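Trainee: My questions all concern the structure below.
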Amino acid sequence: MAKSHAEVKVLGTWASPFVMRVRIALNIKSVAYEFLQERLWEGKSELLLKSNPVHRKVPVLIHGDDTICESLIIVQYIDEVWPSAPILPSDPHERATARFWAAYLDDKWFPSLRAIGMAEGEDARKAAIGQVEEGLMLLEEAFGKCSQGQAFFGKDQIGYLDITFGCFLGWLRVTEKMSGIKLLNEINTPALLKWANRFCNDAAVKDVMPETEKLAEFAKMLRGRVRATPTS
Amino acid sequence: MSEGEVKVLGTWASPFSTRVRIALHLKSVNYEYLEENSLESKSELLLDSNPVFKRIPVLIHGDNKPICESLIIVEYIDEVWSSGPSILPCDAYERADARFWATYVDNKFFPALKRAVVSGSEETKRASMAEVEEGVVMLEKLSKGKAFFGGDNIGYLDIVIGSVFEWIKVIDKCTETQLLSQAPCLLEWGARFSSHEAVKDVLPGVAKLAGFGLKLKAKI
């Protein structure tokens, strides 16, 4: 496809797990791209507002004359345009399963992780932690079924669900650090604990996964801003 | 891969349920439809088939593990019954665009539609109506210049938007808005969509949906 040779740009931020997904997908496909960093705290760039007028959010993929928004949609697009090193499984049932857990992660699990940081009061915090832990047990079980004894959700290599979940590991580790609780642990989630290390060390991932320290500092700064800014 | 009995757990009023049925009709797949009573308790079968979200629709296909989440089910149907008419576009960019608008409908437009009908708070209603109006303008623009969002034939985005379309009519019916009179292309598309073979027997009907909206409002 001639299209696959057109220039590729990614609008994003270093801290966003959603942006990371896109970069990992491009790395897996060995596609060169220009990374345009948004400084969201300084206001959104003209390019971002023009490329994603509906949601005004990163990531955005600019491929030749086309713009594609929403991280999971972008990952699927990348998988379809550059068919080598497939990201989604080929079997329709396995694809549906991968998409299901990706939707679960985005719609339920990640919001529950964020709720820990925003919880006010010990009871609320405990409840939020409980929800995240419950989710991780479900994901531990899903890992067993999807990986079928191999290294990743995508079996012998990183796939769609690895990318979707793996990109939240930075924020998971920050939450563990700030709460003092090991959410991924040898008792409840032994397989996921090992998977997390394999994922973070993968060649397609390690240069785009931010260090936990840096992310923790960023989280503190964000929290400071949220508290200082009056809600509109 | 397409072998095996097909069952759909759904409810008559749910646009998510309707989508799955339209997709199966487009592929001429026979299925057994099991109606859940949405306003009462959930069946054992539903809770077993979708323990994570405990909601319809669910597609049960032969002995395979059930498939949940309407957009995921529609893509599954398109991939399994690949000899039937294509639901998703063939071009990667057009697929991404269709998926983008589908998530917009599900995450923003339909929730606003529902809130506008069902909410008891005047403030919530007003804010939701503003979102709905914005959405109708965008969909009107998208619908111009072709018979369906999918081109000459019904496709993924037609199914997604079409399954929530009657809610717009419910708003026009129950309030003093004229949303659709300001969206003539969308209105015409709606008529084409609703009368399509694969669609006409599964749409709830505006009057019945309006009644359902009132019941939901009373519950809140």
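No value in this document is a laboratory result; all are computed from the given coordinates. The structure presented is a predicted model; accordingly, all values stated were derived computationally and were not measured. In this analysis, Cβ positions are derived from the backbone assuming ideal geometry, glycine residues included, and neighbour counts consider all displayed protein chains.
Trainee: Helix by helix, which DSSP H runs in chain B go 24 Å or more along their axis at the Cα atoms and have an average Kyte-Doolittle hydropathy of -1.0 or more?
Mentor: For chain B, where a helix must reach 24 Å along its axis and average at least -1.0, the hits are B:122-143, B:156-174.
Trainee: Moving to a separate point now. Whose amide H sits under 5 Å from the amide H of B:Thr11, counting only residues 5 or more places off or on another chain, with H placed in the peptide plane?
Mentor: B:Ser17, B:Glu36
Trainee: Would you mind pulling out the separation of the Cα centroids of segment B:134-170 and segment A:154-232, in Å?
Mentor: With segment B:134-170 and segment A:154-232 each reduced to a Cα centre, they are spaced 38 Å.
Trainee: Could you check which residue among A:Pro89, A:Pro210, A:Pro17 shows the biggest mean-square fluctuation in a GNM of chain A with a 10 Å Cα cutoff?
Mentor: A:Pro89
Trainee: Quick check on chain B: take the gyration tensor over C-alpha atoms, sort the square-rooted eigenvalues as a ≥ b ≥ c, and tell me if it's rounded (a/c under 1.5), prolate or oblate. Walk me through the numbers on the way to the answer.
Mentor: On the way: a/c = 1.92, a/b = 1.20, b/c = 1.60.
Cα axes put chain B in the oblate bin.
Trainee: Considering only DSSP states other than H, G, I, E and B, which GluC sites (Glu not before Pro) in segment A:89-183 qualify as loop sites with at most 16 other Cβ atoms within 10 Å?
Mentor: Taking segment A:89-183 and a limit of 16 other Cβ atoms within 10 Å, the loop GluC sites (Glu not before Pro) found are A:Glu120.
Trainee: Largest first, please: the extent of the C-alpha atoms of the protein assembly as shown along each principal axis, to the nearest Å.
Mentor: 57, 55, 50
Trainee: Dipole of the protein assembly as shown (Lys/Arg Cβ +1, Asp/Glu Cβ -1, origin at the Cα centre): which of A:Pro53, A:Phe152, B:Phe100 lies farthest to the positive side?
Mentor: Result: A:Pro53.
Trainee: Further question: Out of the DSSP beta bridges found with both residues in the protein assembly as shown, what percent are antiparallel (nearest 5)?
Mentor: Values: 16 of 24 bridges.
If we restrict to bridges inside the protein assembly as shown, about 65 percent are antiparallel.
Trainee: Kindly provide the GluC sites (Glu not before Pro) of segment B:139-220 that DSSP labels as loop, not H, G, I, E or B, and whose Cβ sees at most 14 other Cβ atoms within 10 Å.
Mentor: Counting only loop positions with at most 14 other Cβ atoms within 10 Å, the GluC sites (Glu not before Pro) in segment B:139-220 are B:Glu176, B:Glu197.
Trainee: Out of residues 5 or more away from B:Gly84 or on other chains, whose amide H comes under 5 Å of its own, with H placed 1.01 Å from N in the peptide plane?
Mentor: none
Trainee: Apply the Karplus parameterisation 6.51 cos²θ - 1.76 cosθ + 1.60, with θ equal to phi minus 60°, to every residue of segment A:56-70 and state each ³J(HN,Hα) to the nearest whole Hz, in sequence, with x for glycine and proline.
Mentor: So the J values, rounded to whole Hz, are 6, 10, 8, x, 10, 9, 10, 10, x, 8, 9, 10, 10, 10, 6.
Trainee: With the crude spin-label approximation of a point 7 Å out along Cα→Cβ, what separation in nm comes out for B:Asn37 versus A:Asn201?
Mentor: Here the answer is 5.7 nm between the modelled labels.
Trainee: How many nm separate the modelled label positions at A:Ala119 and B:Leu47, each set 7 Å beyond the Cα in the direction of the Cβ?
Mentor: The answer from the label model is 2.6 nm.
Trainee: For segment B:1-102, which GluC sites (Glu not before Pro) are in a loop by DSSP, counting at most 10 other Cβ atoms within 10 Å?
Mentor: Details: sites: B:Glu3, B:Glu5, B:Glu32, B:Glu35, B:Glu36, B:Glu40, B:Glu44, B:Glu69, B:Glu75, B:Glu79, B:Glu94; in loops: B:Glu3, B:Glu5, B:Glu36, B:Glu40, B:Glu69.
Listed in order of number, the matching sites are B:Glu3, B:Glu40.
Trainee: If all Cα-Cα distances of segment A:8-81 are sorted into 5 Å bins from 0 onward, what percent lands in each bin, rounded to whole numbers?
Mentor: Calculated over all Cα pairs of segment A:8-81, the distribution is 3, 17, 33, 28, 13, 5, 1 percent.
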